[in-house]
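Notes for the one structure printed next.
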Amino acid sequence: MNEESVAGLSSQPPQPSKIYGTIGPNEESERWGKFSPERCYLAVAVLCYINLVNYMDWFVVPGVLEKIQIYFDLGDSRAGLLHTVFILCFLFSAPLYGYLGDRYNRKIILGAGIILWSGVTLGSSFITESMAWLFFISRGLVGAGTASYSTVAPSIIADLFEKDHRTWMLSIFYIFIPVGSGLGYILSSSMEQATGHWRWGFRVTPCMGAVGLILLILLVPESAHRAAKKHAKTASEHKENSTWCEDVSSLCRNWSFVSSSLGVTSLAFVTGALGFWIPVFLCRAQVLLHSNSSSSTQEKCNASNSLIFGGMTVAVGILGVVIGAEAARRYKKINAQADPIICAVGMIASAPCLYLAIMLAQESLVVTYIFIALGEFLLSLNWAVVTDILLYVVKPERQSTAMSLQLFVSHLLGDAGSPYLLGVISDAIQKNQAQPSFLWSFRSLQYSFVLCAFVSILGGGCFLLTTLHIEEDRMKAAPSVQGIENKGYLTHEEQLHELPAK
């Protein structure tokens with residue numbers, strides 16, 4: 001904006017459409033089109049529900065992992081590959097969905113993904129024990145389906161809101177990552193206890209997915225991703241002139257995006273390993289505490305620990321996401337580097353908590369649960385904040401591509417291999433013992449978990465690197481980053497403050 005226009009604005013009284021809590025009819029029509037603000041908030045509620053179902057599907061397997069191992073006769077290494085197959089298919093599908101999400105109807109893409117992952121999950125519950133290979137394929141297809149949602153849904157929310165409101169909407173959306181994860185543990189283990197078979201947990205989430213699909217069709221505006229009409233011309237030109245390789249090349253030169261994505265990769269590595277192996281680790285610790293390694297005791301403690309860990313994941317996950325978002329909102333008022341600093345603190349502080357949790361497990365399960373809860377809480381501070389970083393350092397026309405690329409890298413180098421890697425380390429430690437025992441099956445997994453604490457510190461360092469470039473990258477993206485949020489909620493002075501410096 002030129003100097004004359006700024007001066008003119010500063011010398012004139014606020015216009016009626018810019019005063020507190022009001023919005024002019026022309027501006028309202030331009031910003032919301034035929035959809036009311038209430039309709040947009042309702043759309044976010046639907047997206048949150050589907051996100052819940054999405055992550056429940058992710059974690060139905062770890063909740064009954066031991067039962068699945070027995071049913072299909074899988075060793076620890078092959079069991080770890082279940083998650084690896086899921087994540088690999090997820091991440092190789094994400095770039096495709098990102099490309100489509102930037103160019104085509106996002107609602108159709110989301111609906112197709114829901115149908116794919118829900119249908120395959122239901123079908124996998126009917127696989128016989130002699131067809132373990134088909135179960136692996138089914139988990140891969142579920143991963144490919146869920147990639148559509150994780151890639152596209154946050155971009156829809158970014159179209160609808162901006163600044164603090166966008167942060168809060170993303171916070172609510174990402175609350176359902178730990179909530180869905182925890183409920184996945186609880187659902188699968190509870191259904192196994194109630195019915196006597198692990199299959200039934202895989203038959204509940206598809207029904208919930210069908211409800212989500214109906215809500216998506218009825219309540220999510222079809223043109224939500226085109227709502228920022230002010231920048232429609234720019235987006236149209238980008239779609240016509242920009243190739244996917246050019247988009248990726250531009251993102252690779254965005255240092256805030258690169259370093260924060262490496263931080264997210266560390267976060268995915270740690271949470272993936274913990275989510276997959278912690279229930280088994282706690283089971284082995286409880287067996288040692290009771291000095292009884294019988295199979296009946298192991299089965300009992302496995303079910304109880306899945307329930308406890310699932311409930312704890314829900315509680316501390318919600319608390320972490322809410323506190324992380326609010327801390328970021330307040331801290332950004334005095335420090336433009338607030339978001340990556342909060343992420344760095346969460347990652348680095350979680351390392352000693354995780355270390356103490358695994359090292360004290362044989363002494364006291366209560367103390368172990370406390371430190372696991374603290375570690376999960378600190379890691380959960382990141383979920384909404386890291387997405388907000390991406391959305392304000394990347395231009396809107398590249399956001400779905402950026403989201404898919406970040407998902408690809410974080411899962412490829414993160415939780416795609418971390419459960420399998422920890423299993424390999426654990427097996428290697430056990431093989432080096434002259435007389436393998438149940439004690440060493442516990443200790444080998446315990447020692448392998450030390451890697452998670454180390455990776456947490458590395459992730460914190462990546463977020464600290466993000467602070468070096470985030471202001472510059474935010475300014476580069478700022479002219480294009482706009483939502484359709486009700487600007488009447490901003491004061492006239494706040495809007496003048498938003499004007500770029502001359």
Legend entry - Separation between Cα centres of the stretch 80-98 and the stretch 332-396, rounded to whole Å: 24 Å
Legend entry - K333/W133 FRET efficiency (R0 45 Å; Cβ-Cβ; nearest 0.05): 0.25
Legend entry - Sorted by Cβ density within 10 Å, fewest first, the residues Y185, Y99, Y174: Y99, Y174, Y185
Inset, instruction - Can you tell me the FRET efficiency between L439 and C207 if r is taken as the Cβ-Cβ distance and R0 is 41 Å, rounded to the nearest 0.05? - result: 0.45
Inset, instruction - Return the distance in nm (one decimal) between the two label points of a simple spin-label model at A194 and L289, each offset 7 Å from Cα along Cα→Cβ. - result: 2.7 nm
Inset, instruction - In nm, give the distance between the simple-model label positions of F126 and E363, each being 7 Å from the Cα along the Cα-to-Cβ direction. - result: 5.3 nm
Inset, instruction - Subtract the Cα-Cα distance of E472 and D73 from 0.36 nm times their separation in residues, and report this length gain in nm to one decimal. - result: 138.2 nm
Inset, instruction - Would you work out if the stretch 326-442 is rounded, prolate or oblate? Take a ≥ b ≥ c from the square roots of the eigenvalues of the alpha-carbon gyration tensor; rounded if a/c is under 1.5, else prolate when a/b is larger than b/c, oblate otherwise. - result: oblate
Legend entry - Two-site label geometry, I108 and S304: point separation in nm, points 7 Å out along Cα→Cβ: 5.4 nm
Legend entry - Residue exposure sequence - H290, H469, H165 - by fewest surrounding Cβ within 10 Å: H290, H165, H469
Inset, instruction - Kindly give Rg over Rh for the stretch 115-221, based on alpha-carbon atoms, with the Kirkwood expression for the hydrodynamic radius. - result: 1.04
Legend entry - Centroid-to-centroid separation of the stretch 265-286 and the stretch 42-67 [C-alpha atoms, Å]: 18 Å
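Each reported figure results from applying straightforward, stated rules to the coordinates on display, with no laboratory input. Given the structure is predicted, the values throughout are model-derived calculations rather than measurements. Because the Cβ atoms are built from the backbone with ideal geometry, glycine has one as well, and the counts that use them run over all protein chains shown.
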